[in-house]
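Quick notes on the structure that follows.
The values are calculated or read from the model by the stated rules, or taken from the named source; none is laboratory data. Note that the coordinates shown come from a computational prediction; the quantities given were computed from them, not determined experimentally. Cβ coordinates were reconstructed from backbone atoms using ideal geometry, including for glycine residues, and neighbour counts include every protein chain displayed.
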Amino acid sequence: MLAMNYRGPFRVRVDHKPYPEIQHPNDAIVRVTRSCICGSDLHLYHGLVPDTRVGMTFGHEFIGIVEEIGPSVQNLKVGDHVLVPFNIACGTCSFCKQGLYGNCHESNPEATAVGGIFGYSHTAGGYDGGQAEYVRVPYADVGPMVIPADMHPDDAVLLTDVVPTGYQAAEMGGIKPGDTVVVFGAGPVGIMAAKCAWLFGAGRVIVIDHLEYRLDFVRTYAQCEAYNFRSMQDPVLFLKKATDFYGADVCIDAVGGDAAGSALQTITGRKMMLQAGSATALHWAINSVKKGGIVSIVGVYGPTDNLIPIGNVVNKGITIRANQASVKRLLPRLIEHVQAGRIDPKGIITHRVPLEEVSDAYHIFSAKLDNCIKPILIPPSARV
Ligand SMILES: NC(=O)c1ccc[n+]([C@@H]2O[C@H](COP(=O)([O-])OP(=O)(O)OC[C@H]3O[C@@H](n4cnc5c(N)ncnc54)[C@H](O)[C@@H]3O)[C@@H](O)[C@H]2O)c1
Ligand SMILES: [Zn+2]
Ligand SMILES: [Zn+2]
């Protein structure tokens, strides 16, 4: 089958790989009909995630048709069109039982922090992902959900990660009616976080990025204010001034370890790898939230240390909330929001690329070319 194949930093290509096989009675094999490239894949692509092995297939955002099921699978049948959460979760450990599906204790033998994630290096379990024609889906009775009949597949594929992550970013912010919410990052996740902040009752939503085309997009898509940090001397001072010198009630980091904007952070975090990515946006979030405010982090950092102003966290009494999104927990509510027209996930898709051209798609999305917001990959069988 055709599958994306990681060859090393900034080098991916499409190759022929063996078809995946059922390895456990609760596995399913899914024929992919859509997959996406995510900002999280860029951390892998840029070589920032430890133990990303050559030969791996990325892709944690995908939907597809169930082709084969293991003998113990009860909730799916062959032919179902399913959306598959990016978290691989057992459904029965104490963390899954609390709804912490991103922190499953069973699905990732390599770590006890994050659970398994499709196509996300051996630090997240070493599972091959869905940027391929077929993918093996473990714990098939737990994660996959049959796509509602009235839902467009392009909406469904964005419910596997981007929509739940943006929504959870807003949820973890504990937004109260009238709050001022600042979102760092106008990528797919930040755009969705800004959109969802209104659903929690925000009174003002401000997005910060340095890509004008994304700022233009988010202003329209999420009806918010949006500013370019390159046009400010100091983004923290700018945000203080914009909030009567109090600071925002809630700051959301939707950037993670690939952040730009600080030479010190970039050199130590992305070039020399002395820290787990560049923590520029998180630094700004901590310093521009008000005393007693909440910083919600969904931007991804590596599993070691980062330079952040922890003294300010203590002295300002800030609450930090963070996690990988718990997709399965959020799906029922988000499907309602999509069906009611309150969120239009497919509205952020800008590029539809044949799977065979995966390497171009990575380059365009990584270099932010051609006004790219969200690229989706379509395998040959889904194009006929
Ligand atoms: N926690 C989760 O469950 C989860 C799920 C999906 C994605 N993520 C993470 O969310 C982050 C965003 O994902 P995405 O798909 O939107 O990625 P993306 O790369 O498309 O977007 C990131 C945006 O941040 C901007 N940016 C860079 N430096 C900045 C700074 N200092 N301040 C403000 N903006 C800055 C970039 O210009 C870009 O537009 C990534 O770190 C990704 O790994 C987390
Ligand atoms: Zn993702
Ligand atoms: Zn579990």
Run I267 past the list (1) in contact with an Asp or Glu (Cβ under 6 Å, 6 or more places away or on another chain); (2) free of Cβ contacts under 8 Å to residues at least 12 places away in the same chain and report the number of the one that doesn't hold. (1)
For region 155-190, the count of residues that are within 12 Å of ligand 2 (Cβ to nearest atom) and among the aliphatic types (A, V, I, L, M) equals 6
From the options V84, V78, V66, residue that is on the phi < 0 side of the Ramachandran plot and within 16 Å of ligand 1 (Cβ to nearest atom): V84
Cβ-Cβ under 7 Å pairs, at least 6 apart or on other chains, region 81-99 side farther than 25 Å from E67 by Cα, far side in a loop (DSSP other than H, G, I, E, B) and within 14 Å of ligand 1 (Cβ to nearest atom): C93/C104; F95/C104; C96/A89; C96/C104; G99/S326
Within region 102-117, identify whether any single residue is assigned to a loop (DSSP other than H, G, I, E, B), within 13 Å of ligand 1 (Cβ to nearest atom) and of a type in the set (G, A, S), and answer yes or no. yes
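For region 364-373: of the residues being in contact (Cβ under 8 Å) with a residue 60 or more places away in the chain and not hydrophobic (A, V, I, L, M, F, W, C), which is farthest from C38 (Cα to Cα)?
The residue in question is N371.
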Taking region 86-103 and the residues there that are farther than 22 Å from G129 by Cβ and more than 9 Å from ligand 3 (Cβ to nearest atom), the one that is surrounded by the most Cβ atoms within 10 Å (Cβ to Cβ) would be G99
Could you list, ordered by first residue, the pairs with Cβ atoms under 8 Å in which the first is in region 297-318 and modelled with pLDDT of 95 or more and the second is charged (D, E, K, R), at least 6 apart or interchain? I297/D253; I297/R321; V298/D253; G299/D253; K316/K290; K316/K291; G317/K291; I318/K291
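So that you can scan it fast, the table gives a plain yes or no per residue for (1) surrounded by fewer than 18 Cβ atoms within 10 Å (Cβ to Cβ); (2) among the charged types (D, E, K, R); (3) outside any loop (DSSP other than H, G, I, E, B):
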site	(1), (2), (3)
G292	yes, no, yes
G299	no, no, no
D305	yes, yes, no
N312	yes, no, yes
R321	yes, yes, yes
A325	no, no, no
R329	no, yes, yes
G341	yes, no, no
H363	yes, no, yes
G187: under 23 Å from R333 (Cα atoms), surrounded by fewer than 24 Cβ atoms within 10 Å (Cβ to Cβ) and outside the structural domain of G47 (by TED's automatic domain parsing), yes or no? no
For region 133-184: of the residues being assigned by TED's automatic domain parsing to the domain that holds R31 and aromatic (F, W, Y), which is farthest from ligand 1 (Cβ to nearest atom)? Y134
Taking region 88-101 and keeping only residues that are within 16 Å of ligand 2 (Cβ to nearest atom) and not in a loop (DSSP other than H, G, I, E, B), one is left with I88, Y101
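Residue-wise test of (1) closer than 25 Å to L2 by Cβ; (2) of a type in the set (D, E, K, R).
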| residue | (1), (2) |
| --- | --- |
| I335 | no, no |
| V338 | no, no |
| I343 | no, no |
| T350 | yes, no |
| P354 | yes, no |
| D360 | yes, yes |
| A367 | yes, no |
| K374 | yes, yes |
Of the residues G293, G277, which single one is more than 15 Å from ligand 1 (Cβ to nearest atom) and small (G, A, S)? G293
